[in-house]
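A.B. asks: Following this message is one structure expressed as structure tokens.
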Amino acid sequence: MAKKQTNNTVTVEPAKGKLGILLPGMGAVATTFIAGVLAVNKGLAQPIGSLSQMGRLRLGKRTGKVNKPLINEVVELQDLKKVAFGGWDIFKDNMYEAAVHAGVLDINLLNKLKAPLSKIKPMKAVFDKNYVKKLNGTHVKKSKTKMALAKAVMNDIKKFKADNKCDRLVMVWCGSTEIYIEESRVHKSLAAFEKGLQNNSKDIAPSMIYAYAAIKMGIPYANGAPNLSCDIPALVELAKMTNTPIAGKDFKTGQTLMKTILAPGLKARALAIDGWFSTNILGNRDGEVLDDPDNFKTKEVSKLGVLEQILEPELYPELYKDFYHKVRINYYPPRGDNKEGWDNIDISGWLNYPMQIKIDFLCRDSILAAPIVLDLAIFLDLAKRSSMNGIQEWLSFYLKSPQAPQGRMPIHDIFKQLHKLENTLRYLGGHDLIHHLGLDYE
Ligand SMILES: NC(=O)c1ccc[n+]([C@@H]2O[C@H](COP(=O)([O-])OP(=O)(O)OC[C@H]3O[C@@H](n4cnc5c(N)ncnc54)[C@H](O)[C@@H]3O)[C@@H](O)[C@H]2O)c1
């Protein structure tokens, strides 16, 4: 395609040259993502789970021959062969070593990718042990102020861009989940935040420092973990000022993916839900970090909000007023990245007759997360080339606790999220939206 696409209201700049994808946190998810893209580019595997690579979009009417081109035929997306990877971690391991340590991908596949993976080495991280209590990092930046750390990250970014001859960049946080904190004064405005960076405010987390550095430079930023990161007014303000798209929080993978598929269906049929108990066993480094109650609290809040929003008990008291929702994550090393998630759902039907649904999802955490990293990077780059700035709600589809503008309710129902994503892509491609009004489009 490689040309400017315009419709009446939006101009999409072409995806020329190379895209650099920057990842703070280069553990299981990041290495599975990078190795996956390299494997796809070598023809060793398919990018299963990625809409940007495999998804199609229906355009126009349902009569005659249905037109359903690939998404990248509707809007120009970055060519996967022209990407470079970089990032930061508190451990020095290169991407081959880190991928072997993570134990997600088969060693035979990793060995085929050893040369390019070994070349990717993490830069020194911005780290604060108070935010991730279970980890001890050695590969860490030292500076007197948090503002100096932000500037050091910006210097890293400039160097990476020059060394790798990148035309554009995006950043996706794949670092550990930080402890639970709530929005406070220092997060309320950009002025307060920048003062806090100078004064080393304890309420500014490392993930916020990376986010600040990226957004300040106009680099799109997505947050794959449940900690606040860019979900604060100060960084939303900065994103608007620098014309930068942002998205968060928390990749929607195993259990919550299932929840946001199933709950809208049960609600659509006006079935009552009395309780939803979810528990997991997980043995990777993420599981170890989440074994600390302060870090787990961040994840718990992210996971709990989902049902409340989908079921709307205040509007449907007879069906959902007293529903009980519990989420547990148990660190269990033998399973490594192969998480097992159990759900027990107590529902009631006609005349209050009780029924039960059981789910046992033997999933692979990073296998589900890697295509989300890819799509967020590719679509945020598209948003940037389309001059879209601030919170990109159309990417809520990928996120467990979608960031929404202040005063606006986030949408969790995966089908509503998909509809918004698809219509945004139609809009950017200059096509009519599908709205189900009238025979032409329904
Ligand atoms: N895998 C999934 O299905 C999934 C789903 C939703 C969210 N997440 C989130 O994605 C993140 C990554 O998950 P993972 O399984 O790759 O975990 P991981 O522990 O394997 O990797 C995280 C990496 O971040 C590094 N790190 C921690 N603090 C850092 C900092 N300040 N700067 C740079 N690096 C830092 C750690 O050293 C580690 O290598 C976690 O926050 C996790 O909760 C994962």
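The values are calculated or read from the model by the stated rules, or taken from the named source; none is laboratory data. All of these numbers come straight from a predicted model, not from anything done at the bench. When we count neighbours, we look across all protein chains shown, and the Cβ atoms used for this are built from the backbone with ideal geometry, even at glycine.
A.B. asks: If the requirement is being outside the structural domain of Asn295 (by TED's automatic domain parsing), of a type outside the set (Val, Ile, Thr) and either closer than 29 Å to Ala39 by Cβ or within 12 Å of the ligand (Cβ to nearest atom) (or both), which of these qualifies: Ser143, Ser118?
C.D. replies: Ser118
A.B. asks: Hey, another quick one. Test Ala84 against the stated conditions and say whether it is at pLDDT 95 or above and surrounded by fewer than 21 Cβ atoms within 10 Å (Cβ to Cβ).
C.D. replies: Taking the combined requirement at face value, the residue satisfies it.
A.B. asks: Can you tell me which of Val132, Val126, Val100 is in the same structural domain as Ala205 (by TED's automatic domain parsing), within 16 Å of the ligand (Cβ to nearest atom), modelled with pLDDT of 95 or more and within 15 Å of Pro24 (Cα to Cα)?
C.D. replies: Of Val132, Val126, Val100, the one residue that is in the same structural domain as Ala205 (by TED's automatic domain parsing), within 16 Å of the ligand (Cβ to nearest atom), modelled with pLDDT of 95 or more and within 15 Å of Pro24 (Cα to Cα) is Val126.
A.B. asks: Return the only residue of Leu19, Leu109, Leu44, Leu59 being assigned by TED's automatic domain parsing to the domain that holds Asn423, over 24 Å from the mean Cα position of the chain (by Cα), over 25 Å from His419 (Cα atoms) and surrounded by 15 or more Cβ atoms within 10 Å (Cβ to Cβ).
C.D. replies: Matching residue, one of Leu19, Leu109, Leu44, Leu59: Leu109.
A.B. asks: So which residues in the stretch 390-442 are loosely packed, with under 15 Cβ neighbours inside 10 Å and on the phi > 0 side of the Ramachandran plot, if there are any at all?
C.D. replies: Those that are loosely packed, with under 15 Cβ neighbours inside 10 Å and on the phi > 0 side of the Ramachandran plot: Gly407, His436, Gly438.
A.B. asks: Tell me, which strands (runs of 3 or more DSSP E) wholly within the stretch 274-365 include 2 or more residues that are of a type in the set (Ser, Thr, Tyr)?
C.D. replies: 324-331
A.B. asks: On to the next question. State all residues of the stretch 338-370 that are buried (at least 24 other Cβ atoms within 10 Å of the Cβ), of a type outside the set (A, V, I, L, M, F, W, C) and either within 18 Å of the chain's Cα centre (by Cα) or in the same structural domain as Asn243 (by TED's automatic domain parsing) (or both); if no residue qualifies, say none.
C.D. replies: Hits for the stretch 338-370 are Asp365, Ser366.
A.B. asks: Would you mention how many residues in the stretch 129-158 are surrounded by 20 or more Cβ atoms within 10 Å (Cβ to Cβ) and within 13 Å of Gly175 (Cα to Cα)?
C.D. replies: Of the residues in the stretch 129-158, 2 are surrounded by 20 or more Cβ atoms within 10 Å (Cβ to Cβ) and within 13 Å of Gly175 (Cα to Cα).
A.B. asks: Between a residue in the stretch 295-321 that is more than 18 Å from Asp343 (Cα to Cα) and at pLDDT below 90 and any residue that is acidic (Asp, Glu) and away from the ligand (no atom under 13 Å from the Cβ), which pairs come within a Cβ distance under 9 Å, given they are 6 or more apart or on different chains?
C.D. replies: Partner pairs satisfying both residue conditions: Gln309/Asp413.
A.B. asks: Name every residue in the stretch 35-59 that is within 16 Å of the ligand (Cβ to nearest atom) and under 18 Å from Leu77 (Cβ atoms), in order of residue number.
C.D. replies: Answer for the stretch 35-59, where residues must be within 16 Å of the ligand (Cβ to nearest atom) and under 18 Å from Leu77 (Cβ atoms): Gly36, Val37, Ile48, Gly49, Ser50.
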